[in-house]
């Protein structure tokens, strides 16, 4: 298996596809391409077992080569983004493999404005890292300094609690009983602090940031169903579940039913538009549920869609002055807080929705337009280019509308199919959504048949 590189950074299985030399060369390249060479680089990590060793290697190397460091230890990726944006920091490296299994690790690269590197800067980073001969680099004397930033989580939580349109007192008065599952990841401390500030009774599971994931850490429906039993056992109002680095949020209602992660953004958008009456467009990616359009129509607000990837959504948000956006993987981006997906932001908006509308989580679920979604992948011939893939799809869906912003998306009034070619392996990823559940397998088999 090769090292995976994308707009989300790099990731691989530690000591197999992700080696120390890969880590050091990318860290040094990132430090060098940042235009501000006098401000520090922030280093953070999730709770994975390989994290301390990787962090120590990066910090030691960058200090020896002239870069001051802020070592934040274990904090969520959104906290690292928030702090980098608000303070004089040249950029940040978060050591995380996001939702991948615990033997994986990786690096997310955050620019000085708290957003991920754009496509061009990512390319520059990767090319620089590949060109470096580490043995030829000369150390600088004396070593640069390393400091800590223990207030980072408190500052982030305080920011979330002070979002303008929220009615925090109403949330506090509800005294929600919440099952909190932080997957023994980076959100264990911060998420608990946030809910404590909101006067919630917390049943905290997977609450130790020890990097041991007792289930698949991606907060998808099939991986979190067991948390529904904990909700029922404690007669809780809902469960809030995040991934290891804290940028994605999944929810389970008071009847133990999973709210698909696509709908985290839908519900938050509904609440934001209702409370603010803002008419700026909402931005999401091409693979996110069409329920978002159904919601925004109520408020006469447009949805603009970008290529998949947080930085693509963020850049489009900036372009059209969007105040809320995100991705259908449970990632909510609120401009007022910072330009990054943030489970804390998603959670407090949902609690505000329940408190101000006096609804249970199950009742809130019923108000979301009903769609069915399938996410699959199929192997393809290595010779198939993105152009050939698009041509084949167009031939078989002639009468429909297409969007080729990112791969190709086939659009019908009752369904859509988004097909994207992987950059790292000979597969295509297929996302299908329909109002009719039976359509999913039929449409998938049709697409699969095209590439036999």
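Summed over qualifying helices (DSSP H, 4 residues or more, each -39500 (n - 2.57)) and divided by its residue number, the chain shows a 222 nm mean residue ellipticity of -11500 deg cm²/dmol.
Each label was represented as a point 7 Å from its Cα along the Cα-to-Cβ direction; for residue 134 and residue 155 these points are 3.0 nm apart. What is the distance in Å between the Cα centres of the range 206-240 and the range 101-128? Centre-to-centre distance over Cα atoms comes out at 29 Å.
Of interest is the spacing of the C-alpha centroids, which for the range 136-199 and the range 1-77 amounts to 21 Å. When each of the peptides 38-45, 202-209 is scored by how many other beta carbons lie within 10 Å of its residues on average, the order from highest to lowest is 38-45, 202-209. Take the alpha carbon gyration tensor of the chain, find the square roots of its eigenvalues, order them as a ≥ b ≥ c, and report rounded if a/c is under 1.5; if not, report prolate when a/b exceeds b/c, else oblate. It comes out oblate by the Cα gyration axes.
The relative contact order of the chain, computed from alpha carbon pairs under 8 Å that lie at least 6 residues apart in sequence, is 13 percent.
The rule of thumb for compact globular proteins, 2.2 N^0.38 Å, goes into the C-alpha radius of gyration of the range 174-257 0.98 times.
Label-to-label distance, residue 172 versus residue 391, with points set 7 angstrom from Cα along the beta-carbon direction: 6.5 nm.
Note on 247, 237, 71: ascending count of other Cβ atoms within 10 Å places them as 71, 237, 247, the fewest first. Quote the relative contact order of the range 179-288 in percent (integer), defining contacts as alpha-carbon pairs under 8 Å separated by 6+ residues. RCO, the range 179-288: 25 percent.
Could you tell me which of rounded, prolate or oblate describes the range 372-450, using a ≥ b ≥ c as the square roots of the eigenvalues of the alpha-carbon gyration tensor, with rounded for a/c under 1.5 and, failing that, prolate when a/b is larger than b/c and oblate otherwise? Cα axes put the range 372-450 in the prolate bin. Seen through its C-alpha gyration tensor, with square-root eigenvalues sorted a ≥ b ≥ c, the range 222-294 comes out prolate because a/c lies at 1.5 or above while a/b is bigger than b/c. What the Cβ-Cβ distance of residue 360 and residue 445 gives, at R0 = 41 Å and to the nearest 0.05, is a FRET efficiency of 0.60.
Per-residue packing, averaged as other Cβ atoms within 10 Å, sorts the ranges 377-383, 107-113 into the order 107-113, 377-383, beginning with the highest. Please give the FRET efficiency for residue 121 paired with residue 15, using the beta carbon to beta carbon distance and R0 = 22 Å, rounded to the nearest 0.05. E between residue 121 and residue 15, to the nearest 0.05, is 0.20. Counting neighbouring Cβ atoms within 10 Å and putting the fewest first, the residues 165, 82 line up as 165, 82. Taking other Cβ atoms within 10 Å as a rough exposure proxy, 67, 305 sort from fewest to most as 305, 67. Remark: spin-label model distance residue 412-residue 141 equals 7.3 nm, labels positioned 7 Å along the Cα→Cβ axis.
Coordinate-derived values only; no laboratory data. Model, not experiment: these values are computed from the prediction. Backbone-built Cβ (ideal geometry, glycine too); neighbour counts: all protein chains shown.
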